[in-house]
Every structure is written in C-alpha cells, then in structure tokens.
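A short write-up of the structure that comes next.
The values are calculated or read from the model by the stated rules, or taken from the named source; none is laboratory data. Computed from a predicted structure; not experimentally measured. Counting neighbours? That spans all protein chains shown, and the Cβs are built from the backbone with ideal geometry, glycine included. SASA here: full protein model, heavy atoms, side chains in, ligands and nucleic acids out. Shrake-Rupley method; radii C 1.70, N 1.55, O 1.52, S 1.80 Å.
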Amino acid sequence: ATMSYCNTGFSLLGRVIEVVTGEVWDAAMHARLYEPLGLTHTATLPEDVLRYRAAIGHIDPPGQELHTASTWGLPRSAGPAGAICSTASEVVRFAQLHLAGGTLDGTQVLSAESVRAMQEPQVVVPSGGDGLSSRHWGLAWSVFDWGGRTVIGHDGGTIGQSAFLRVVPDAGVAVALLTNGGGTAGLFRELYGELLAELADVEMPAELVPPEPALPVDPAGYVGTYERESSSIRVEPRDGGIVAIQTITGIAAELMPEPVELPLRLLKQDDDLFVTQHPAAPGAWLPVRFVQLDDGTRVLHIGGRATPRVGD
C-alpha cells in the first residue's frame, strides 16, 4: 500500500541467506563478501570488532548533555539490519563493487544484472526528496535524483551512531561518513554538499525549510494517534498549528535508559507536506508527509517509515 523502511525485513533477509547457503549469516557474509573484497576490518560479532579500535555511540536525550550510550550495539537478532561494523575506507571499497558492475580486482562478486537491478527505483518514498532522504527506493539502495543525476546511497542509525554513504555512478565517486554522536545531519549536508560538488559536479538538493511567514494549518485532517512497531505518535493541535509527540515503544524502548517522548513541531510546507526538526537529526529539517491510502487509512510518513493512524 505504501513504502516503509523496515529493519525486520533485513533480518528476514539474513535468515534467507542462512537457509540458502547453509551457513550462519555472519560466516556467509565473511566468506562471500568480506574476503572477496579484501575487507579486513569489517565484522558483525563483538569478539571480532574488539580486535580493533571500536567507537561507542553518544546520545543526547532531551534536556541532557551529550554522553556515551549505555548500550554498545543492537540485539544479535537485528544483525543484518545494523550490526555490520566497518571503517569508512572499507565502506567505500564496498561501493566500488557497485560502481564496477559487480567485479573488483578481477573477482566477480556480484552479477552485473544484480548491480543494475539494485539501482533501479522500485517504489516511491512519500517523505523523501531532499539530500538526506530519497524520493525512490531500489533493492536496498536509496535512489536520489540530484539535478537530473542519479545518486544512490544508504544511511543507518544505531545507538548513538550514524553512517552515511552516497555514490554517483556516472562519475565513479563514492563518499562514506561514519559518526558516533552529535549534529550528524548538519555535518552530512556540509561535507557532502562540498565534496560531491567538487568531485562529481553534482549539486545536493536544497534543504526543505519552513516558509516565512508560517502557513496556516487546519488540524482536523491530521490530529489522532498513529502507531507502528516501536513507535507511537500522537498528533495534537498546539499554538495555531500541530505537534507530533513521538513515544518509543517495544524493544526499542528497552534499549533506552529511560522513557523517551519527543515533541516534534510540524510546520506546513505545502498541502500535506510538513517539516520538523528531530533530535535524531539535530540541525536539519526533515520532511513529514501525511498520505491517505486507497482504503482510506491515514498514514504519517517520516524518515522513510510509515505510521498509520489508529484512532482519534
């Protein structure tokens, strides 16, 4: 019915790899990807990661100073969704594989057909369209349109850590940024905007910002409770506009040292498109779009994820 980024999908894909290969996911990744690419500092298990220097995430819950996270990584069951630890140089080497049609240093790791298929747009992302979030999604790649040029990438966030990858296929350029806390979204925009303009002659789309003066909002079409796994969002009228109060629930809440409730002020951009500033991306405006599905369900899209309305 609509696109929604889902960590569970990647975990299931990891299980498919195990069934097809007859190997544990970690071993399959090592034998079929890391070794052929010559990746020596990429791993999925803590006992392998800790052989090298390892960063710990830093978090800054509302009202608190930036401090080290109490949990190092995601649960093992979420390994395929966010437990691959690597270096920026080895992430770029992985990107080289996708720039070279699946062959690297004479080794055919991935078929050229698979490389092309992964970069083909498969579905529209309602809340995408700026430099940080793509308007389309391929097979695991985000697919961006930057001034008529195709840029692919994939970002990720775990506990106080954020990773960014952008690849410009027609220029043969890839840039990786790995961070462990702070204003990562703002750093991404500043760094990538300059580097990719210089190296690939491509311009990052302008950041969505709220118009001045603020556009009027009729709360009637938006207020209500929206819920999905790990998140509950309550949209309420406030100060002549609307605010989305996001509460982390389920297993994600168990990873937090204390309950987290985030009030997000939604500023109207155009029709059902709003922008907000989220603590997970300090210094950046993120697009938020309300969509009505064919069956009449009202859905709030933010950060590539769809959260359906479940009540008033």
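Structural remarks
- Between the stretch 58-130 and the stretch 264-312, the alpha-carbon center distance in angstrom: 24
- Relative contact order for the chain, counting Cα pairs under 8 Å that sit 6 or more residues apart, in percent: 15
- Were the residues from Thr225 through Arg32 laid out at 0.36 nm apart, the gain over their Cα-Cα distance would be 65.1 nm.
- Surrounding net charge for Ala281, when Lys and Arg each add one and Asp and Glu each subtract one, Cβ distance under 13 Å: -3
- In plain terms, the chain from Arg51 to Ala112 could stretch by 18.5 nm, reckoned as 0.36 nm per residue minus the Cα-Cα distance.
- Under the criterion of Cα pairs below 8 Å and six or more residues apart, the relative contact order for the stretch 77-188 equals 18 percent.
- Counting only protein heavy atoms and a 1.4 Å probe, the stretch 24-182 has 48 square angstrom of accessible area per residue.
- Under Karplus coefficients 6.51, -1.76 and 1.60, residue-wise ³J(HN,Hα) of the stretch 162-179 in Hz, glycine/proline x: 9, 10, 9, 9, 10, 10, 10, x, 6, 10, x, 10, 9, 10, 10, 10, 10, 10
- Accessible surface of the chain, 1.4 Å probe, proportion on carbon and sulfur as whole %: 54
- With Cα atoms, 0 to 90° folded angle of helix 88-99 axis to the chain main axis: 80
- Contact order normalised by residue count of the stretch 133-272, Cα under 8 Å, 6+ apart, percent: 13
- For Leu195 and Gln96, a Förster radius of 22 Å and the Cβ-Cβ distance give a FRET efficiency of 0.85, rounded to the nearest 0.05.
- 16 Å reach of a label modelled at Val291, 7 Å along Cα-to-Cβ, counting backbone N of the stretch 223-247: 227-228
- Candidates Gly296, Gly186, Gly73, ranked by Gaussian network fluctuation over the chain, Cα under 10 Å, top entry: Gly296
- Loop GluC sites (Glu not before Pro), the stretch 40-148 (other Cβ atoms within 10 Å of the site Cβ: 13 or fewer; DSSP): Glu65
- Helix 7-21 axis, angle to the chain major axis (alpha carbon atoms, nearest 10°): 20
- Here the extension length gained between Asp145 and Thr247 equals 33.5 nm, from 0.36 nm per residue of separation less the Cα-Cα distance.
- Exposed-site-free run, longest, the chain (rule: trypsin sites (Lys or Arg not before Pro); DSSP loop; at most 11 other C-beta within 10 Å): 54-312
- Residues whose placed amide H lies under 5 Å from that of Val310, excluding near-sequence neighbours: Thr225, Tyr226, Glu227
- The percentage of C-alpha pairs in the stretch 183-295 whose separation is greater than 21 Å is 49%.
- Leu139 sits among other residues whose Cβ lies under 14 Å from its own Cβ, and their net charge, with Lys and Arg +1 and Asp and Glu -1, is -1.
- For the stretch 103-215: rounded, prolate or oblate by the Cα gyration tensor [a/c cutoff 1.5]: prolate
- Peptides 128-134, 151-157 ranked from most to least packed give 128-134, 151-157, packing being the mean of other C-beta atoms within 10 angstrom over each peptide's residues.
- Candidates Val20, Val260, Val202, ranked by Gaussian network fluctuation over the chain, Cα under 10 Å, top entry: Val20
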